[in-house]
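Below is one structure, written out as structure tokens; the observations come after it.
The values are calculated or read from the model by the stated rules, or taken from the named source; none is laboratory data. In this text, all values refer to a predicted model and were calculated from it rather than measured experimentally. In this analysis, Cβ positions are derived from the backbone assuming ideal geometry, glycine residues included, and neighbour counts consider all displayed protein chains.
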Amino acid sequence: MKQFFSTIVLLFVMSASLSAQPLTSPDGLSQGCEAKRMRVVPYATKELAQQYVSEAVESQYVRPIAEWQRSEDADAVVFTSSYVIPFSWLSRQALIYVEWATSAYEVLINGKKIGYNTNGYAPAEFNITKSSKEEHNTISIRLLKDHWCESLESFDEGAEPALGEVFVLSQPTIRVRNMVSDTELDATGEYANVEVGLVVKTESLNAKRARIHYELVAADTTVVTYGHRDVELQMRGQDTVKFMARIPRSELWSADNPVRYRVNVMTQIEGRKVEYQSHWVGFRTVAYDKQTGLMINGKPTTLKYYGAKTGVSKDELLEARDKGCNAVRFNSPAVTQRDYRLCEELGMYVVAQLPIDTSRSGDSRLVDGNESNNPEWTAAFIERADATWRTTGGFACVVGYSLAGDSANGICLYESYLHLKSLEHKRPIIYPAAAGEWNNDGDF
């Protein structure tokens, strides 16, 4: 099995309790969150899955939460709403998906705290199966005031407390929880070998079996390959179902040719079809070194940036393309999944920046100086690096990662660089502010 498909889980030393977290030091990291993944939206029919892909449209297995009541207490700005768990979900898993928030936050279900996320700028999910009851439930998301995470978020100083997209979703107990892919040009250079991995996980305490059906469909609707795999997982186990295909080099994704394939997935348990998913995927290769520069699909590529805000429109990106831009530089790392999907659809490269900017703390590396050189902050930096990679790594448009904004340099960014390198073996990790130090692959 290729190292690309190795399941790498970042373990943090945390208290098992979800008691109150320290707000002025980086000691209490996220708790109660599901392992980070690319966005997965399940549907009850193949037609709905292929129509909506990753859009959270109200359906049998998806319930968006759109109406919130806002209140405030001494410690937090609180957003409160409700959701319904139908009877048909009682044998399945229920999760809450939170796209983003402008602060660290706590999640309460029916008045009980079930999760805490220190990085509001990466999507997070919380398993609410045990904390929910049939029919009506209350959810509160408490955006914490004066939290230590603000030291890492100089890019968002003075932002009005806000909450992004939130929805409830239901997946079977044994479920496809993620999709990953890899692409290599073959020896002829005219074709590429692509590999797709469907990460299957069970929450069951007993062995669980499922049949995973898949098909890979080209842009012209030609079915490139299809089949199924039977998988059996032991208690809370996880495995990866893989399949391969050979596609023409002309079908690889790039800014000049933003062609995407579709991966359709169906999960079958005991003969019953329990879930459908559909995923867009752009197959492309990325390589970088300081001699040849950035190479996309084996060709030298120069990035011509357009500066954009998060929430950029389709018309704005099309206009930027008309002016010769092939890449987007977002003015804040608070980039939504929609932004990435739009860049992938239209053919715009992105270097994804970690949501770290410690410029308010100055440039000093001495004690009480910039957090980037304070070992006590290392785990907080690595947590953000890990979350960014896991929630953006599947986008073809993401061709590199930037460690931080204006954040001096030091042990925390060294360790973040090494952690990203342990996960990402092809795309460059850059940090122009490294000022010649080793934790910067280049500047482009």
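Here are the numbers for this structure:
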{"item": "All positions within region 205-218 that are outside any strand (DSSP E or B) and either surrounded by 15 or more Cβ atoms within 10 Å (Cβ to Cβ) or outside the structural domain of Glu251 (by TED's automatic domain parsing) (or both)", "result": "Ala218"}
{"item": "Positions within region 323-356 being over 28 Å from Ala380 (Cα atoms), of a type in the set (A, V, I, L, M, F, W, C) and in contact (Cβ under 8 Å) with a residue 24 or more places away in the chain, in sequence order", "result": "Ala327, Leu342, Cys343, Leu346, Met348"}
{"item": "Selection status of Ala187, among the small types (Gly, Ala, Ser), out of contact with any helix residue (DSSP H, G or I) (no Cβ under 6 Å at 6 or more places or on another chain) and at pLDDT 95 or above", "result": "no"}
{"item": "Filter result for Cys397 (farther than 22 Å from Gly28 by Cα and more than 13 Å from the chain's Cα centre (by Cα))", "result": "yes"}
{"item": "Near pairs, Cβ below 7 angstrom, 6+ apart or cross-chain, from region 80-102 (assigned to a helix (DSSP H, G or I)) to any residue that is at pLDDT 95 or above", "result": "Trp89/Ser170"}
{"item": "From the options Glu99, Glu72, residue that is modelled with pLDDT of 95 or more and touching a Gly at 6+ places or on another chain (Cβ under 9 Å)", "result": "Glu99"}
{"item": "Residue ID - farthest from the chain's Cα centre (by Cα), chosen from residues in region 426-444 that are in a helix (DSSP H, G or I) and farther than 13 Å from Asp357 by Cα", "result": "Ala434"}
{"item": "Unique match (being under 25 Å from Leu420 (Cα atoms), over 19 Å from the mean Cα position of the chain (by Cα) and buried (at least 21 other Cβ atoms within 10 Å of the Cβ)) among Leu294, Leu317, Leu354", "result": "Leu294"}
{"item": "Selection within region 295-343 - hydroxyl-bearing (Ser, Thr, Tyr) and closer than 30 Å to Gly120 by Cβ", "result": "Tyr305, Tyr306, Thr310, Ser313, Ser332, Thr336, Tyr340"}
{"item": "Residue that is nearest to Ala35 (Cα to Cα), among those in region 370-402 that are assigned to a loop (DSSP other than H, G, I, E, B) and hydrophobic (A, V, I, L, M, F, W, C)", "result": "Phe395"}
{"item": "Residue match in region 263-284 (condition: of a type in the set (S, T, N, Q), under 17 Å from Gly189 (Cβ atoms) and assigned by TED's automatic domain parsing to the domain that holds Lys208)", "result": "no"}
{"item": "Extreme residue, nearest to Glu195 (Cα to Cα), among residues of region 309-328 that are of a type outside the set (S, T, N, Q) and modelled with pLDDT under 95", "result": "Gly311"}
{"item": "Any hit, region 411-425, residues being of a type in the set (Gly, Ala, Ser), touching a Ser or Thr at 6+ places or on another chain (Cβ under 7 Å), assigned to a helix (DSSP H, G or I) and surrounded by fewer than 21 Cβ atoms within 10 Å (Cβ to Cβ)", "result": "no"}
{"item": "Filter result for the condition that a residue is modelled with pLDDT under 95 and either surrounded by 21 or more Cβ atoms within 10 Å (Cβ to Cβ) or among the aromatic types (Phe, Trp, Tyr) (or both), over Phe381, Phe444", "result": "Phe444"}
{"item": "Residue in region 154-162 that is surrounded by 19 or more Cβ atoms within 10 Å (Cβ to Cβ) and among the aliphatic types (A, V, I, L, M) present", "result": "no"}
{"item": "Which numbered condition Thr221 misses (of (1) part of a strand (DSSP E or B); (2) over 26 Å from the mean Cα position of the chain (by Cα); (3) polar (S, T, N, Q))", "result": "(1)"}
{"item": "Leading residue by the ranking (nearest to the chain's Cα centre (by Cα)) among those in region 27-70 that are of a type in the set (Ser, Thr, Tyr) and assigned to a strand (DSSP E or B)", "result": "Tyr43"}
{"item": "Scope region 102-121; condition touching a helix residue (DSSP H, G or I) at 6+ places or on another chain (Cβ under 6 Å) and either more than 23 Å from Ser54 (Cβ to Cβ) or at pLDDT below 95 (or both); matching residues", "result": "Ala104, Thr118"}
{"item": "Residues being of a type in the set (S, T, N, Q) and assigned to a helix (DSSP H, G or I) - total across region 316-347", "result": "1"}
{"item": "Test for Ser402: is it of a type in the set (S, T, N, Q), more than 15 Å from the chain's Cα centre (by Cα) and under 25 Å from Trp253 (Cα atoms)", "result": "yes"}
{"item": "Given (1) within 23 Å of Ala35 (Cα to Cα); (2) modelled with pLDDT of 95 or more, number of the condition His425 does not satisfy", "result": "(2)"}
{"item": "Filtered residues of region 174-203 (kept if among the polar types (S, T, N, Q) and either assigned to a strand (DSSP E or B) or buried (at least 17 other Cβ atoms within 10 Å of the Cβ) (or both))", "result": "Asn178, Ser181, Thr183, Asn193, Thr202"}
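A quick yes/no check of all residues on (1) assigned to a loop (DSSP other than H, G, I, E, B); (2) over 24 Å from Glu344 (Cβ atoms); (3) not aromatic (Phe, Trp, Tyr):
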position: Val241; (1), (2), (3): no, no, yes
position: Arg246; (1), (2), (3): no, no, yes
position: Trp253; (1), (2), (3): yes, no, no
position: Asn257; (1), (2), (3): yes, no, yes
position: Arg262; (1), (2), (3): no, no, yes
position: Val265; (1), (2), (3): no, no, yes
position: Gln268; (1), (2), (3): no, yes, yes
position: Tyr276; (1), (2), (3): no, no, no
